[in-house]
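Visitor: Sending over a structure as C-alpha cells; questions will come in a sec.
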Amino acid sequence: MCGIIGYLGYREAYPILINGLKKLEYRGYDSSGIAIFYENGYSLYKSKGKVHELKKKISSYKIKGTTGIGHTRWATHGIPDDINAHPHVSNSNELILIHNGIIENYHAIKIILLKNGFTFKSKTDTEVLVNLIEYIQKKNKLSLEEAVRISLNEIVGAYSIAIVEKSHPERIVIAKLGSPLALGINEREFFIASDPIPFLDYTKNAIYLKDGEMAILRKDQELDLRKIVDNHKLSPIIKELQINLKEIEKGEYKYFMLKEIYEQPKTILDTLRGRLLIKNGLICINGIESNKDIFINAKSITIVACGTSWHASLIGEYLLEELARIPVEVEYASEFRYRNPIIEKKDIVIVISQSGETADTLSALNLAKTKGAFVFGICNVVGSSIARNVDAGAYTHAGPEIGVASTKAFTAQITVLVLLALKIGKYRLAITESRYNYLCQELGSIPEKVNRTLKIDEESIKKISKVYHNVNNFLYLGRGINFPVALEGALKLKEISYIHAEGYPAAEMKHGPIALIDENMPVVIIATKKGCYEKIIGNIQEIKARKGKIIAIVNEGDIQVSMLADYVIKVPNISEELSPLVTVIPLQLLAYQIAFIRGENVDQPRNLAKSVTVE
Ligand code: M6R
C-alpha cells in the first residue's frame with residue numbers, strides 16, 4: 001500500500017506532486033507528505049490524514065523547486081501521525097526518502113545503526129532504511145546510487161523507493177522490489193509514481209520498473225537503468241501507455257464506487273469482447289488455447305486469491321467443477337504460501353487479482369512457480385506484477401477500478417471464469433454441445449440483464465437502506481453458486497458502512513448463526529428460482545419463525561418467496577451458473593446506499609487501501 005510520487009525536470013514540482021498524491025490516495029490515506037528541493041536545501045511538509053489536510057496546511061506557503069518527492073501512507077509501522085508520515089530524513093539531514101512496502105529485517109538493522117550512534121524519531125522501517133543508506137554511504141565514501149544499491153542488497157522485504165540527496169537536487173535514485181513503480185519519461189523530465197495515472201496529463205511514455213531494478217534520474221540526462229544485485233546496466237524499453245483519462249474521472253457520480261457499479265453492463269461487455277463469438281459457437285482465450293494440453297490433462301486446479309477476488313475464485317470452483325468436471329481447491333493466498341501446499345510439476349494454479357499487486361497473491365504465485373506449477377493469471381491491471389509473472393493469463397478488461405470496494409472487477413472476474421470453464425469443459429468433452437451453446441447465448445445476454453438489474457429496483461434498495469442503515473448486524477445467505485455472492489454482499493457492507501455482516505450458506509444457518517436471529521436482525525437471502533428454491537423457502541420460514549426480517553433477492557415473476565419476505569429485490573431470470581453476475585448487483589447497491597446514508601466516505605473506507613502490497 002502507500003502511494004509514492006516524484007518529479008525531476010523544469011516545471012514547478014509542487015502542483016504535480018500534490019495533484020498526483022490525490023490520485024494515489026486510493027493506495028492509503030492515513031497521512032501524506034512532500035519534500036521539494038532547491039539549491040542546497042529542501043522544504044519538507046507532512047500531515048496526518050488525507051492529502052487535502054496537507055494541502056490546507058501549506059496552502060499559504062510559496063513552495064518553489066523543480067525536484068520533489070511525495071507520499072501518501074497506509075500505516076504499517078507506527079501510528080498515522082505527522083512524525084511517522086513520509087518523507088523520512090537521515091540523521092545528517094542529507095538524505096530524504098519515500099518508500100512503499102515493508103523492510104522485514106528493519107529491527108536487526110536498527111540495532112546495528114543504534115550501536116553506531118544513529119537516532120530515530122519515528123517508528124517506521126523507512127527511517128531505518130534511509131539511515132542505513134547514509135551509514136553505508138559515509139562509511140565507504142560512496143555515491144548515493146552506489147550506497148542505495150549496496151543497502152538494498154542487505155534488505156529483506158518489499159519496496160519501491162525514491163531518494164534525493166540534499167546537496168544534489170539534480171538527481172533522484174529510485175528502486176523497486178515487490179511494490180509497483182512506474183516511470184514517466186518526457187524530454188528533460190521524469191515522473192515517478194506507484195501507478196502512471198498521476199503523470200498521464202504530462203506523458204504517456206513510461207516504463208514499469210521490474211523487481212530488482214533501480215534507476216538514476218538526472219536533470220537533462222538519459223535514464224540510467226541498472227540491476228540492484230550487480231549494477232549491470234540495462235536498456236530501458238519505453239512503452240506508450242494506452243489509458244483513457246475519462247475512465248478515471250467520477251463524471252456525474254458522487255463516488256467512484258457508484259460509477260463502477262453502474263459501469264458493469266459495459267465492463268462485462270468489454271470482458272467478453274473478442275472472446276465470446278456466439279455466432280460461431282466459439283470462445284477464444286489465447287492463454288488457454290496455447291496451453292490446451294495442460295488444461296485437457298489437468299487432474300485438479302488450485303485457485304489462489306484474497307478478498308473479493310477470493311469470492312470470485314469460489315464461484316470459479318463451482319463453474320470449473322460443474323462445466324469442466326475438474327476438481328478445484330480455492331485457497332486464501334496468505335494461507336497457501338505458509339503451509340507447504342501439495343503442488344506438483346505441471347499442476348495448474350490460477351491466481352486472481354484486480355490490482356495484480358496484492359503481496360500475498362504475488363508470493364503465492366512465486367511459491368507455485370518454484371514448485372513447477374503452470375500458473376494462469378486473471379488480472380485487471382495491465383502490466384501489473386502478477387500479470388507479468390504468470391505463465392499465461394487473461395485480463396478482465398474492466399478498466400481502472402478506483403473505489404476501494406471492488407465491484408466491476410468482481411463481475412469481470414466471474415465473466416472470465418465462465419469463459420474459462422466453458423472453454424475447458426469443451427476441450428475435455430465434459431459439457432454437452434447443447435448446454436455449451438445455451439450458456440454461450442445466456443452469457444451474451446448478461447450485459448443487458450445487468451443493465452436491467454441496475455434499473456429494476458433502485459427505489460426499493462433506497463427504501464430498504466433507509467430502514468436498516470442504523471442496525472448493528474446483517475446476515476447474508478445464499479446456496480450453491482450464490483453462497484460466495486452472500487459472502488461478497490457481507491464484505492461490501494462491512495468495508496464501507498462498518499456494519500458487522502456475515503455471509504453463510506443458507507442451510508448452515510441452523511448450525512449456529514440462527515442463534516443471532518431476532519426481530520432486529522435483517523437477513524439478506526438470495527432466493528433465485530433455480531438454486532435449491534424449495535430448500536431456501538424452508539430456511540426463510542426458519543428465520544421468520546424467529547421474527548428475523550427477510551430481504552429476498554428473487555427472480556422477476558417470483559411469487560412464493562415474495563409472499564414470505566419483508567422486502568423483495570427482483571433480478572432477471574438467468575441460468576443458475578451465471579446468476580452471480582446479476583444477484584451481486586443489488587448487494588453492491590445496498591451496501592453503497594447504506595454507507596451513503598450513514599455519511600461514510602464510500603470510496604475511501606477507514607483502515608483500508610485499494611492494493612494491499614504488504615503481507
Ligand atoms: O487487487 P486484488 O484483487 O488482489 O485485491 C484483493 C483484496 O484486497 C480486495 O478484493 C479487497 O478485499 C477489496 N477491498 C474488496 O472490496
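No value in this document is a laboratory result; all are computed from the given coordinates. Just so it is clear, the structure is predicted and the values come from calculations on it, not from any experiment. Cβ: placed from backbone, ideal geometry, glycine included. Neighbour counts: every protein chain shown.
Visitor: With each pseudo-label sitting 7 Å past Cα toward Cβ, what's the K462-K227 distance in nm, one decimal?
Guide: So the two model labels end up 6.1 nm from each other.
Visitor: With no solvent and one equal point scatterer placed on each C-alpha of the range 251-444, evaluate the Debye formula and give log10 I(q)/I(0) for q = 0.20 Å⁻¹, two decimals.
Guide: -1.45
Visitor: Could you run the Karplus curve 6.51 cos²θ - 1.76 cosθ + 1.60 with θ = phi - 60° over the range 416-430 and give me ³J(HN,Hα) per residue in whole Hz, x for Gly and Pro?
Guide: Per-residue couplings from phi come out as 4, 5, 5, 4, 4, 5, 5, 5, 5, x, 6, 4, 8, 6, 8 Hz.
Visitor: List every residue whose amide H lies under 5 Å from the amide H of I499, counting only residues 5 or more places away in sequence or on a different chain, with H placed 1.01 Å from N in the peptide plane.
Guide: Distant-sequence amide H within range of I499: zero hits.
Visitor: Just want to confirm a number: the relative contact order over the range 454-604, from Cα pairs under 8 angstrom separated by 6+ residues, in percent. Don't skip to the answer; put the middle values down first.
Guide: On the way: 276 pairs, mean separation 46.2, N = 151.
Relative contact order, the range 454-604: 31 percent.
Visitor: Name the aspartates and glutamates eligible as straight-distance cross-link partners of K227: C-alpha to C-alpha under 14 Å, and not fewer than 8 places from it in the same chain.
Guide: Correct list for K227: E145, E146, D211, E213.
Visitor: Lys and Arg at +1, Asp and Glu at -1: add these up for the other residues within a Cβ distance under 13 Å of I537 and post the number.
Guide: On the way: positive: R479, K529, K535, K544; negative: E534, E542, D558.
Local charge sum for I537: +1.
Visitor: A further question follows. Helix 13-24 versus the longest principal axis of the chain: what is the Cα-based angle in degrees, 0 to 90, to the nearest 10?
Guide: 20 degrees
Visitor: Which order results if L608, L17 are arranged by neighbouring Cβ count within 10 Å, fewest first? Numbers along the way, then the final one.
Guide: Details: L608 17, L17 26.
Fewest to most other Cβ atoms nearby, the residues stand as L608, L17.
Visitor: Set the Förster distance to 45 Å, then compute FRET efficiency between L234 and S60 from the Cβ-Cβ distance, nearest 0.05.
Guide: Details: r = 44 Å, r/R0 = 0.98.
Calculated value: 0.55.
Visitor: Of H86, H52, how do they rank once you tally other Cβ atoms within 10 Å and put the fewest first?
Guide: H52, H86
Visitor: Relative to the compact-globule scaling 2.2 N^0.38 Å, provide the ratio for the alpha-carbon radius of gyration of the chain.
Guide: On the way: Rg = 25.6 Å, N = 615, 2.2 N^0.38 = 25.2 Å.
Expressed relative to 2.2 N^0.38 Å, the Cα Rg reads 1.01.
Visitor: Along the Cα-to-C-beta direction of N153, a point sits 7 Å from the Cα; which residues of the range 224-263 have their amide N less than 17 Å from that point?
Guide: Taking a point 7 Å out along Cα→Cβ of N153, the residues of the range 224-263 whose backbone N falls under 17 Å are 226-234.
Visitor: Run the numbers for N607 and N366: contour at 0.36 nm per residue of separation, minus the present Cα-Cα distance, in nm.
Guide: Working: separation 241, 0.36 × 241 = 86.76 nm, distance 2.76 nm.
Full extension from N607 to N366 adds 84.0 nm.
Visitor: Report the relative contact order of the range 168-297, percent, no decimals, based on alpha-carbon pairs under 8 angstrom and at least 6 residues apart.
Guide: Values: 152 pairs, mean separation 22.2, N = 130.
This gives 17 percent for the range 168-297.
Visitor: Continuing with this model, one more query. Could you give the angle, 0 to 90 degrees to the nearest 10, between helix 533-545's Cα long axis and the longest principal axis of the Cα atoms of the chain?
Guide: So the helix axis and the longest Cα principal axis differ by about 80 degrees.
Visitor: Would you list, by chain and number, the lysines whose Cα falls below 19 Å from the Cα of K138, excluding same-chain residues fewer than 8 positions away?
Guide: Those lysines meeting the cut-off are K110, K115, K166.
Visitor: Using a 10 Å cut-off around each Cβ, can you sort I285, I553, I238 from fewest to most neighbouring Cβ atoms? Provide the component values of the computation, followed by the final result.
Guide: Values: I285 21, I553 32, I238 12.
If I rank by nearby Cβ atoms, fewest first, I get I238, I285, I553.
Visitor: If you don't mind, another one. Are any of the pairs K535/K610; K210/K250; K121/K219; K246/K449; K22/K123; K279/K462 more than 28 Å apart by Cα-Cα distance, and if so, which? It would help to have the intermediate numbers written out before the result.
Guide: On the way: K535/K610 38 Å; K210/K250 31 Å; K121/K219 32 Å; K246/K449 25 Å; K22/K123 25 Å; K279/K462 40 Å.
Pairs exceeding the cut-off: K535/K610; K210/K250; K121/K219; K279/K462.
Visitor: Placing +1 on the Cβ of each Lys and Arg and -1 on the Cβ of each Asp and Glu in the range 3-243, which of I112, G212, L44 has its Cα farthest towards the positive end of the resulting dipole?
Guide: Result: L44.
Visitor: Percent antiparallel among DSSP beta bridges with both residues in the chain, to the nearest 5? Mind dumping the intermediate values first?
Guide: On the way: 66 of 105 bridges.
Given both bridge residues lie in the chain, the antiparallel proportion sits at roughly 65 percent.
Visitor: To test your reading of the geometry: what angle, between 0 and 90 degrees and rounded to tens, separates the Cα axis of helix 433-444 from the longest principal axis of the chain?
Guide: 60 degrees
Visitor: Report the relative contact order of the chain, percent, no decimals, based on alpha-carbon pairs under 8 angstrom and at least 6 residues apart. Could you put the intermediate results ahead of the total?
Guide: Values: 1374 pairs, mean separation 72.0, N = 615.
12 percent.
Visitor: Taking the Cα centre of the chain as origin and charging only Cβ (+1 Lys, Arg; -1 Asp, Glu), how large is the dipole, in debye to the nearest 20? Each step should come with its number before you reach the end.
Guide: Numbers: 77 positive and 70 negative charges, 100 e Å.
Once rounded to the nearest 20, the dipole reads 480 debye.
Visitor: Lysines within cross-link reach of K345: Cα-Cα under 22 Å, excluding same-chain residues under 8 positions apart?
Guide: Cross-link targets: K292, K299, K369, K371.
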